[in-house]
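First the structure, in the form of structure tokens, and then the observations on it.
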Amino acid sequence: MTRTTIDRRTVLASMTAVGAVNALPQPASAANALGTPPPLEIFGDLPGLDHVTLSKDGRQVAMVSGRGTARSLIAFDLSTQKLLKQPVGNLKLRSLEWIDDSHILIESSATSSLANLSDTQAEWFMALSLNMQTGKAKPLYDNMADYFPVLGSGASVVRKGDKASLMAVGITRVKYQFILNRFDPETGRASQVDEGGPDTREWAFTREGTLVARQNYRRDTYTWSLEMNRGGWKTVLTEVEKIDTPNLVGIGRTTDTAVVYFNKGKLADQYVEVDMNGKLTPLFEDATQTKGLLRHPATGVIAGTYTYPGWIKYDYTDPLLKPLPQMIEAIFSGYRTQITGLAQDGRKTIIYSEGPDDAGTYFFIDFESGQNLRLGQAYPDLPAAWIAEKQAITYKAADGLEIEAYLTLPPGRDKKNLPLIVLPHGGPQARDDLSFGWDVNAYASRGYAVLQPNFRGSGGYGTAFVEKGYGEWGRKMQTDLSDGVRHLADKGIIDPKRVAIVGYSYGGYAAMAAAAFDNGIYRCAASYAGVSDLKSMIAGEGRQSGDANSDAIRYWKRYLGDEARWDSISPLKNADKVTIPLLLMHGKDDTVVEYIQSKQMADALQKAGKPVEFVTLTGEDHWLSRDETRLQMLKTILAFVEKYNPAY
């Protein structure tokens, strides 16, 4: 791979071809002085540029641009500068991928009940092939009488010679069986690839569409199995596991091996390659720090690994790709970068960059020719001076456990005696990181420091750290948050008398629990889509799965601990103990945490005569997928926090 002589400053100074035809927003200029904070719309609207992806030959870029109902899918030819545009409006678009020169694979989701498949509301995923030249769309499974019009799992692009097609799993209406089909991107016609058995859910196949492996799970016997395609399917591996089953993640380092991730046992936290005879080969030694696998853009075989110590770190083993991270680092020194698109030749790339004066910019770079192009910004109207500083910190919990957290400091303020918003993440087996956060920066722009603790039970730190959260829901997982407040107070960074807590999903539970149980720590609490009652949460999981002993319920019970204690850590059952103002918000289309969780908490607080505000976000889901309601949530929370915990 030839090293180019460009740097980030050169790229920023270059003419943006897409911007030259006014397709994308232009870069924002840095403010000379802070002055008045930017309007909340700048933070709360969906990104002005998103889902940026590169075609396999590196000649075209696809992306979503614009705001609200004016959002459009754009296809841009890098050599001819020809631009095609299709409106997407309020479509909840989840991913884009080029199929061939004309077609783009679009995955989206919608909240709905599906007759004869689910009696409850769920978030269903769909896929379609869009011909950008003609504007014609061919939805997968939409007009197939034997199938429900949704995906059983994600769709993939495969290519044999010059012909590209789609592979996607569907769900049959009669047997409720998962079947793998191949689709023509232009006509939408489907042909069956593999039926599997009643317990088959996932397949691994090559970039040419050759089947390599499939996995099954029998829920009645808790038996997971892996089959390899040896001229016919042969079972090569079985595990009996109620919750932490292994997971098939794709083909291995060659096109006749598969990779399985083990969640438990001697191989816990490891990616293991499985050959046709079932021989197991761990892919690397430092398993607990490895987050995922890197694949070759042409063949799909494993070409390296990446870790995520707060931001993605690439380690390619493929000789062609190995220098790529260092070359990107040389160009974008001082900025966090991510490869969001990579052509089959491994030289043409889409790079996402963010840093102290950049809330997120997408670039095209050809490392062979030196061609480079700034495609646009995610938040084009945000002045650089208002991008808040975020840093990783560590502190000790009360029992001595080290907790990593991220602290964001407000621009233009002294770094002492600051008002604080504690922002625990959802999951809870998730994590926060160094990335730009639209909500975090909005809170910081109003004068608040923001603390995002990766409390015990969070993901990203290995199985042992996750297991420390078992039985600690509402207990040490909760006090890990207030221990972070005390740490910042001891350092003089924050004023311990001016602390609020805001959270979404599990973080919403933590906000409610703080109001009920953490007396004297917080002045107010705000919850979006939070859980208020653990027993009704488990009952809801049972209704959604149709199984009172589903793997999801078994998973949650590990975190919740002894059922006899659930009421004692359920905010709903302790509404009379709330001593601070509490804001509750919930999307009416939420299928992850039921809307009733917030509604019943609001009713209980009103009955108890406690200070509460309750706001319904009509048409919004669990993930704040829509511009209007996401902005409504942000404005409502800030108005509430500024009222009860003023920043100035």
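The values are calculated or read from the model by the stated rules, or taken from the named source; none is laboratory data. Every value quoted in this text rests on a predicted model; they were computed, and no experiment measured them. Here the Cβ is made from the backbone with ideal geometry for all residues, glycine too, and neighbour counts use every protein chain on show.
Report yes if Ala213 is in contact (Cβ under 8 Å) with a residue 24 or more places away in the chain, under 23 Å from Lys136 (Cβ atoms) and small (Gly, Ala, Ser), otherwise no. Criteria not met by Ala213. Selection of the stretch 628-648 for residues being of a type in the set (D, E, K, R), surrounded by fewer than 20 Cβ atoms within 10 Å (Cβ to Cβ) and out of contact with any Pro (no Cβ under 9 Å at 6 or more places or on another chain) yields Glu628, Lys635, Glu642. Out of Ile387, Ile351, one residue alone is in contact (Cβ under 8 Å) with a residue 12 or more places away in the chain, in contact with a strand residue (DSSP E or B) (Cβ under 7 Å, 6 or more places away or on another chain) and within 24 Å of Arg295 (Cα to Cα). It is Ile351. Looking across the stretch 157-208, the residues that are among the β-branched types (Val, Ile, Thr) and either surrounded by fewer than 15 Cβ atoms within 10 Å (Cβ to Cβ) or free of Cβ contacts under 8 Å to residues at least 12 places away in the same chain (or both) come down to Val174, Thr187.
What are the pairs with Cβ atoms under 7 angstrom where one residue, in the stretch 66-85, is of a type in the set (Val, Ile, Thr) and the other, located anywhere, is in a loop (DSSP other than H, G, I, E, B)? Sequence gap at least six, or different chains. Every condition considered, the pairs that remain are Thr69/Gly89; Thr69/Asn90; Ile74/Ala23. From the list Gly135, Gly89, Gly154, the one residue that fits, being surrounded by fewer than 19 Cβ atoms within 10 Å (Cβ to Cβ) and touching a helix residue (DSSP H, G or I) at 6+ places or on another chain (Cβ under 9 Å), is Gly89. Against the list (1) in contact with a Leu (Cβ under 8 Å, 6 or more places away or on another chain); (2) farther than 24 Å from Glu202 by Cβ, the condition Ser113 fails is (1).
Listed here are the strands (runs of 3 or more DSSP E) enclosed by the stretch 89-206 that have at least 2 residues being touching a His at 6+ places or on another chain (Cβ under 7 Å) and either among the hydroxyl-bearing types (Ser, Thr, Tyr) or at pLDDT below 95 (or both): 92-98. Can Leu46 be described as out of contact with any Lys or Arg (no Cβ under 6 Å at 6 or more places or on another chain), farther than 24 Å from Thr187 by Cβ and surrounded by fewer than 22 Cβ atoms within 10 Å (Cβ to Cβ)? Yes. Residue by residue through the stretch 608-648, note down the ones that are assigned to a loop (DSSP other than H, G, I, E, B) and of a type in the set (Gly, Ala, Ser). Answer for the stretch 608-648, where residues must be assigned to a loop (DSSP other than H, G, I, E, B) and of a type in the set (Gly, Ala, Ser): Ala608, Gly609, Gly619, Ser625, Ala647. Counting only residues that are under 26 Å from Trp556 (Cα atoms) and at pLDDT 95 or above, the stretch 434-459 holds 8 of them.
State whether one or more residues within the stretch 411-434 are part of a loop (DSSP other than H, G, I, E, B), of a type outside the set (Phe, Trp, Tyr), touching a Lys or Arg at 6+ places or on another chain (Cβ under 8 Å) and under 30 Å from Thr299 (Cα atoms). No, the stretch 411-434 contains no residue that is part of a loop (DSSP other than H, G, I, E, B), of a type outside the set (Phe, Trp, Tyr), touching a Lys or Arg at 6+ places or on another chain (Cβ under 8 Å) and under 30 Å from Thr299 (Cα atoms). Against the list (1) more than 28 Å from Gly44 (Cα to Cα); (2) among the polar types (S, T, N, Q); (3) crowded, with 22+ Cβ neighbours inside 10 Å, the condition Thr463 fails is (3). Of the residues contained in the stretch 275-285, none is found to be under 26 Å from the mean Cα position of the chain (by Cα) and either among the hydroxyl-bearing types (Ser, Thr, Tyr) or closer than 22 Å to Gln344 by Cβ (or both). Criterion applied to Ile171, Ile99, Ile179 was being among the β-branched types (Val, Ile, Thr), under 27 Å from the mean Cα position of the chain (by Cα) and within 16 Å of Ser55 (Cβ to Cβ), and the one residue passing it is Ile99. Counting only helices (runs of 4 or more DSSP H) that sit completely within the stretch 505-595, those holding 3 or more residues that are under 17 Å from Phe614 (Cα atoms) correspond to 506-517.
Can you pull out every residue in the stretch 15-45 that is in contact with a strand residue (DSSP E or B) (Cβ under 9 Å, 6 or more places away or on another chain), within 15 Å of Gly66 (Cβ to Cβ) and either part of a helix (DSSP H, G or I) or modelled with pLDDT of 90 or more (or both)? Passing the criteria: Val18, Gly19. If you take the residues in the stretch 257-286 that are in a strand (DSSP E or B) and among the hydroxyl-bearing types (Ser, Thr, Tyr), which one is surrounded by the most Cβ atoms within 10 Å (Cβ to Cβ)? Only one residue tops the list, namely Tyr271. Could you look through the stretch 219-238, keep only residues that are charged (D, E, K, R) and at pLDDT 95 or above, and pick out the one that is nearest to Lys266 (Cα to Cα)? Applying the filter and picking the extreme gives Glu227. Taken over the stretch 367-409, the criterion of being aliphatic (A, V, I, L, M) and under 18 Å from Asp432 (Cβ atoms) is satisfied by Ile387, Ala388, Ala392, Ile393, Ala397, Leu401, Ile403, Ala405, Leu407, Leu409. Among the residues of the stretch 317-341, those identified as without any contact (Cβ under 8 Å) to a residue 60 or more places away in the chain, out of contact with any His (no Cβ under 9 Å at 6 or more places or on another chain) and either of a type in the set (Ser, Thr, Tyr) or part of a loop (DSSP other than H, G, I, E, B) (or both) are Thr317, Pro319, Lys322, Gly334, Thr337. Checking the structure you have, find out if any residue of the stretch 394-417 is under 30 Å from Glu642 (Cβ atoms), of a type in the set (Val, Ile, Thr) and under 21 Å from the mean Cα position of the chain (by Cα). Checked the stretch 394-417: at least one residue is under 30 Å from Glu642 (Cβ atoms), of a type in the set (Val, Ile, Thr) and under 21 Å from the mean Cα position of the chain (by Cα).
Within the stretch 560-598, being of a type in the set (Ser, Thr, Tyr) and touching a Gly at 6+ places or on another chain (Cβ under 9 Å) holds for Ser568, Ser570, Thr579, Tyr595, Ser598. If you check Thr254, Thr299 for being without any contact (Cβ under 8 Å) to a residue 60 or more places away in the chain and in a loop (DSSP other than H, G, I, E, B), only one passes: Thr254.
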